[in-house]
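The values are calculated or read from the model by the stated rules, or taken from the named source; none is laboratory data. Computed from a predicted structure; not experimentally measured. Backbone-built Cβ (ideal geometry, glycine too); neighbour counts: all protein chains shown.
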Amino acid sequence: MIGGPEVSYEYENQEIYKLTDFLIRGSADTAFAALCHLINNNNLPDKKVFEYQELALDKLKSPYQYYTEEDIKNRVLYVEASRGCPFKCEFCLSALDKTSLPFNIDHFLLEMDQLYKRGARNFKFVDRTFNLKVQTSLKILDFFLDRLDERLFLHFEIIPDRLPDALKEAISKFPKGCLQFELGVQSFNPQVQGLISRKQDNKKTIENLKWLKNYSKAHIHADLIFALPGEDLDSFAKGFNQLYQLKPHDIQLGILKRLRGTPVIRHTEHYQLIFEPIAPYSILATSLIDFSLIQRVSRFARYWELIANSGNFKKSLKLLLANQAFERFLVFSDWLYSYSGKTHQISLRKLYDYLYYGIKCLGTNNSKSEGSPIENGIDLNTAMIKALIDDYTEAGLKGIPEFYKTLNND
């Protein structure tokens, strides 16, 4: 018996489907139990693909009582106040949802209260659009505002262009370290947004990001997707730089994937989309982006996670990127891979050495990476060296940095 999003679509030619007795398509909250009941009573369905009429959400029994004391003490607790998504972004499986359905908010908050009384403080809401219904969002935020303590942490995925004043007022009351918002920007290119059926007001998105950064204490995690249909390198670089200037705490750069069943496949012929045939189905090339460029940006994404999103290079990164964040980091990323041959198993201490030697090499040779619009090299000046040493110290690393030992010899 199998189920889940990986085998619910385009399953006919999958080997696992051929080997299994039954496939449950769609939500399995009640379908799994119903199918087991039929099997136990020797009343086997006459079809291999089993789809059960889903009950209303208020008929489902919540699972939160099954979180153990160990879970509550040491793990992030996943909770959901709503299920589904009303939007139709074609790269996402949520595009197949009919709408977003809420759980009964009063019952949900009673369940949260029970978890809180048991000591739970780390909640990750899996709702695709937490701020879709503002009154419900406010009830949830007010519930946790009444229970604030130094250990409380809440993660929400929010619609970036929907942040009315009432929601801003509630958000502004939370202290630092309590809220984390994940904002799926994905692309700032209106033509690309239209191609993938993404409705997003870029002006409001920018205004809301600025407000969150300047007037809230929330941690801001923003997402972009590379190699969407119709987007080339220049367009993506422009969007990345625009997002970087808005100063979210993290920028997660994802590479487009074709999840089974998602509508993005309709662009395959026109934009010559080529995906890996096996999971995770990453894009390999498009009509505007070739394979080698996708590999370069994939490495960029990995190094960005290690360096920029780590928070350990705040001063030196600012000087490195200047006002060309994407272009300059791509130059450095190309150099780093050429020099080290690694994207994993790189220690934090070693990253400081790589940053120093990379900037020194690129600046001295006044070099630029293939396809990069940078006209000048990256300067290794006194300010950069001081920034590197300050970041090294603030990261809590002990001893003299290896790169510092070589300064007099350089």
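Are any of the residues in the range 204-226 farther than 27 Å from Ser137 by Cβ and modelled with pLDDT of 95 or more? Yes, some residue in the range 204-226 is farther than 27 Å from Ser137 by Cβ and modelled with pLDDT of 95 or more. The set of residues in the range 300-310 being among the aliphatic types (A, V, I, L, M) and either in a helix (DSSP H, G or I) or without any contact (Cβ under 8 Å) to a residue 40 or more places away in the chain (or both) consists of Ala301, Leu306, Ile307. Regarding Gln295, is this residue at positive phi and polar (S, T, N, Q)? Against the criterion (at positive phi and polar (S, T, N, Q)), Gln295 does not qualify. Filtered by the rule that a residue be aliphatic (A, V, I, L, M), assigned to a loop (DSSP other than H, G, I, E, B) and out of contact with any Pro (no Cβ under 9 Å at 6 or more places or on another chain), the range 63-113 gives a lone residue, Val76. Of all residues in the range 1-16, those that are of a type in the set (Val, Ile, Thr) have Cβ atoms under 7 Å from Cβ atoms of residues that are assigned to a loop (DSSP other than H, G, I, E, B), 6 or more apart or on another chain, in Ile2/Thr20; Val7/Gln14.
Could you tell me which numbered condition Leu284 fails, if it satisfies all but one of (1) within 30 Å of Ser347 (Cβ to Cβ); (2) free of Cβ contacts under 8 Å to residues at least 24 places away in the same chain? Leu284 satisfies all of (1) within 30 Å of Ser347 (Cβ to Cβ); (2) free of Cβ contacts under 8 Å to residues at least 24 places away in the same chain except (1). When Lys342, Lys318 are checked against the criterion of being over 21 Å from Ile225 (Cα atoms) and part of a helix (DSSP H, G or I), a single residue qualifies: Lys318.
Counting the residues of the range 209-239 that are touching a strand residue (DSSP E or B) at 6+ places or on another chain (Cβ under 8 Å) and not aromatic (Phe, Trp, Tyr) gives 16.
Where helices (runs of 4 or more DSSP H) sit wholly within the range 200-299, those with at least 3 residues that are farther than 30 Å from Leu152 by Cβ occupy 233-245, 268-271.
Going residue by residue through the range 144-157, is there one that turns out to be within 24 Å of Ser197 (Cβ to Cβ) and assigned to a strand (DSSP E or B)? Yes, the range 144-157 contains a residue that is within 24 Å of Ser197 (Cβ to Cβ) and assigned to a strand (DSSP E or B).
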